[in-house]
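*Asks:* Sharing a structure here in C-alpha cells format.
The values are calculated or read from the model by the stated rules, or taken from the named source; none is laboratory data. Because the structure is a prediction, the values reported are computed rather than measured. Here the Cβ positions follow ideal geometry from the backbone for every residue, glycine too, while neighbour counts run over all protein chains shown. Side chains included, ligands, DNA and RNA excluded: accessible areas come from the protein's heavy atoms. Shrake-Rupley method; radii C 1.70, N 1.55, O 1.52, S 1.80 Å.
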Amino acid sequence: PRYSPDWASLDARPLPAWFDRAKVGVFVHWGVFSVPAWGSEWFWWHWQGQHDAAYERFVRRRFPPGTTYADFAPQFTAYDFQPRQWAQLFQQAGARYVVLTTKHHDGFTNWGSPVSWNWNSVDTGPHRDLVGELGEALRESNLRYGLYHSLMEWFNPLYLADKQSGFKTQSFVLKKTLPELYDLVLKYKPDLIWSDGDWEAPDSYWNSTSFLAWLYNDSPVKDTVVVNDRWGQGCSCHHGGFYNCADKYRPGTLPDHKWEMCSSLDRLSWGYRSNMNLTEVLDEMSMIEELVQTVSLGGNYLLNVGPTKEGVIAPIFQERLLALGRWLNTSGEAIYESQPWRVQMENTTDTVWYTSKGPVVFAIFLLWPRDGDLHLSSPIPSPGTRVTLLGYGGTLKWQKSPGKGMLITLPYMLPSPLPAQSGWAVKLEGVK
C-alpha cells in the first residue's frame, strides 16, 4: 500500500520486524561539543543561549579571549577514530544496531552536507566523512545502522527567523532540514532515523508527514527503515514508528506500542565530559537491570557512549559495554527476539522479570536468592516442566510451591564477600 502524508496512514505502517527482534543498540553522541567536553552536549546553548555563569567562566579560564563556539570545530580532529574498532566493540557489546549523531542542535554535520557549508566534518575538523566511515564498518560487522538527526538548530539565522514568524515561514525547513534528511537517506540508506529537536514547532512546520510518506513509499529503504516519534510538538508517544516518549523513559506497565528506552553510561551527559567521575558512570548492575526491565516490558534498550574529540571511546565505557556483551553471551537467549509474557514482573518483587519465546518462558532474576531457592509464583508448572539455567549445564530440580507457582533449587555457588554479577535467567519449558 502507498502511505499518504497524514498520521492516520503513516501510523498504520507495520514496524519492520528486525527492530523488535534486535532488542539492544548502542547510541553515539559525538561532535564539536566533544571539544570543550564539559557540562553536556548542550554546551553552546548553556554558554551562549542561557549565558550560564559556570559555562562563561569555563570558557574564560580555558580558551583565549574572544573564543566562539565555531573555534572549537578545527579541534574536533577524530585523529584516533577507528571505525572498525568501534564496530567490533559494539558487536562484542551484543548490540544489534548502532545510532550515530549525524547532526546535533548545534547544526554541525558529521558528513559533508551540501547545505552546511564549512560547518561539517569534511570541510573542517576531521576532514572525514564520519557518517559514511562508521556505516561501512558497521555493515561489515552485520550491524544495523541508525542515524540521529536534529530537526532544529539553536542559532541558525534561518531557524531563528522562522521562529520569529511563529513558524509561519519555513525557510529553514526547506533550505536546511529537509535537504539534509533526503541527503542522509539517499547517501547512507540508514536502517533507522532517530529524529530529535522537534519540540518547538508543530509537525506541519517540519513537513514531517510528507517526508515520512516519501521515506515509506519511494525511498531506497522504504521496506526496512524504522523511525522514532519526535517529528513535531505533541508527536512523542503518539506518532511515528517506535516510541521514545522521553529520554530515559520507563513506562512501569506494558505499553501497547513498540518503544525504546535510551539511556547513557554517563548518567549526567550524552556527550563526552573530561571531568566525568566513576560514581557518575552507570554500574554493571544498573545497566543489566535497565536492559531486563525494558525488554520485559516490550522495549528496546539503546545505551549511549560519548567518544572524545579524537574519537576514543573511554576505557570505562568500553569496560561496561564488554560487560554487557558477556552477560548477553550467557543470557541473551532470554533477551533477543523475545516477547513480553502474560506477566512481566513477579508480583511480589521487582527483582524477577519475565520474557517469552513461543511456549518457552524465561524468568530473569536480578538477585541471587540467599537460600539458593528461587520462588516463582507466576508460572503454573506441569508434570513435564523442565527448568534450566542459561549458561549452566544440566537441568535444575524444582517442586510445586505450597501456595502457587514453583520452587527451583539453584546450583550451589561459592560464598563470596562480593555480590555476584547481576542477573541470571532460568528457562522454563512446559509451564503456563
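*Asks:* Debye calculation, C-alpha points only, no solvent: report log10 I(q)/I(0) for the stretch 71-159 at q = 0.11, 0.15, 0.16 Å⁻¹, in the same order as the q values.
*Replies:* Those come out to -0.33, -0.59, -0.67, one per q.
*Asks:* GNM on the chain, C-alpha springs below 10 Å: top fluctuator among Asp223, Asp52, Asp283?
*Replies:* Checking each option, the largest mean-square fluctuation is seen for Asp52.
*Asks:* Same structure, new question: May I ask you to evaluate 6.51 cos²θ - 1.76 cosθ + 1.60, the Karplus curve with θ = phi - 60°, for each residue of the stretch 272-280 and list the ³J(HN,Hα) values in order in whole Hz, giving x for glycine and proline?
*Replies:* 5, 10, 6, 9, 5, 9, 4, 5, 8
*Asks:* Run the Debye formula on the Cα coordinates of the stretch 150-206, all scatterers equal and no solvent, and tell me log10 I(q)/I(0) at q = 0.16, 0.20 1/Å.
*Replies:* -0.48, -0.72
*Asks:* What whole-number value in Å² describes the accessible area per residue of the chain for a 1.4 Å probe?
*Replies:* Details: 18270 Å² over 432 residues.
I get 42 Å² per residue for this part.
*Asks:* Picking from Ser208, Ser356, Ser422, which is most flexible by a Gaussian network model of the chain using Cα springs under 10 Å?
*Replies:* Of Ser208, Ser356, Ser422, the Gaussian network model singles out Ser422 as fluctuating most.
*Asks:* In the chain, carbon and sulfur make up what percent of the accessible area (probe 1.4 Å)? Don't skip to the answer; put the middle values down first.
*Replies:* Values: 9670 of 18270 Å².
Summing carbon and sulfur atoms, their accessible area is 53 percent of the total for the chain.
*Asks:* Hey, in the chain, which Cys have no second cysteine's beta-carbon closer than 4.7 Å?
*Replies:* So far as the 4.7 Å Cβ criterion goes, Cys235, Cys262 stand without a partner in the chain.
*Asks:* What length, rounded to one decimal in nm, is gained on full extension from Tyr412 through to Ala161, with 0.36 nm per residue of separation minus their alpha-carbon distance?
*Replies:* Length gained between Tyr412 and Ala161: 83.6 nm.
*Asks:* Grab the alpha carbons of the stretch 197-283, take their convex hull, and tell me the volume per residue in Å³. Walk me through the numbers on the way to the answer.
*Replies:* On the way: hull volume 12.7 nm³, N = 87.
Convex hull volume per residue, Cα atoms: 146 Å³.
*Asks:* Which whole-number percent gives the relative contact order of the stretch 253-364, counting Cα pairs below 8 Å spaced six or more residues apart?
*Replies:* Values: 141 pairs, mean separation 28.0, N = 112.
This gives 25 percent for the stretch 253-364.
*Asks:* Structure shown: which of Lys222/Lys258; Lys163/Lys222; Lys404/Lys427; Lys248/Lys432; Lys168/Lys248 lie over 29 Å apart, alpha-carbon to alpha-carbon? Please report the intermediate quantities before stating the final value.
*Replies:* Details: Lys222/Lys258 19 Å; Lys163/Lys222 32 Å; Lys404/Lys427 19 Å; Lys248/Lys432 33 Å; Lys168/Lys248 33 Å.
Lys163/Lys222; Lys248/Lys432; Lys168/Lys248, as the Cα separations exceed 29 Å there.
*Asks:* So which residue, out of Gly240, Gly384, Gly25, gets the largest mean-square fluctuation from a GNM of the chain using Cα contacts under 10 Å as springs?
*Replies:* Gly384
*Asks:* Would you work out the relative contact order for the stretch 73-216, in percent, from Cα pairs under 8 angstrom that are 6 or more residues apart?
*Replies:* Values: 201 pairs, mean separation 36.0, N = 144.
Relative contact order for the stretch 73-216 comes out at 25 percent.
*Asks:* Here's a follow-up. Taking 0.36 nm per intervening residue step and subtracting the Cα-Cα distance, what contour gain separates Leu268 from Gln48 on full extension?
*Replies:* Values: separation 220, 0.36 × 220 = 79.20 nm, distance 2.02 nm.
My answer for the length gained is 77.2 nm.
*Asks:* Please give the net charge around Val360, taking every other residue with its beta carbon less than 14 angstrom from that of Val360, where Lys and Arg add +1 and Asp and Glu add -1. Don't skip to the answer; put the middle values down first.
*Replies:* Numbers: positive: Arg342, Lys357, Arg386, Lys427, Lys432; negative: Glu333, Glu337, Glu429.
Once positives and negatives cancel, what remains is +2.
*Asks:* Could you work out [θ]222 nm for the chain from helices alone, using -39500 (n - 2.57) per DSSP H run of at least four and dividing by all its residues? Round to the nearest 500 deg cm²/dmol.
*Replies:* Values: 11 runs with 104 residues, N = 432.
That calculation yields -7000 deg cm²/dmol at 222 nm.
*Asks:* Follow-up question, since we're still on this one. Compute the relative contact order of the stretch 1-122 as a whole-number percentage, counting only Cα pairs closer than 8 Å that sit 6 or more residues apart in sequence.
*Replies:* Normalised by residue count, the contact order of the stretch 1-122 is 30 percent.
*Asks:* Still on this structure, I have one more. Given C-alpha coordinates of the stretch 268-350, what is the ratio Rg to Rh with the Kirkwood estimate of Rh? Before the final figure, lay out each step's value.
*Replies:* Values: Rg = 15.0 Å, Rh = 14.5 Å.
Rounded to two decimals, Rg/Rh equals 1.04.
*Asks:* Expressed in nm to one decimal, what extension gain is obtained for the pair Asp71 and Thr385 from 0.36 nm per residue of sequence separation less their Cα-Cα distance?
*Replies:* Details: separation 314, 0.36 × 314 = 113.04 nm, distance 6.57 nm.
So the chain would gain 106.5 nm between Asp71 and Thr385.
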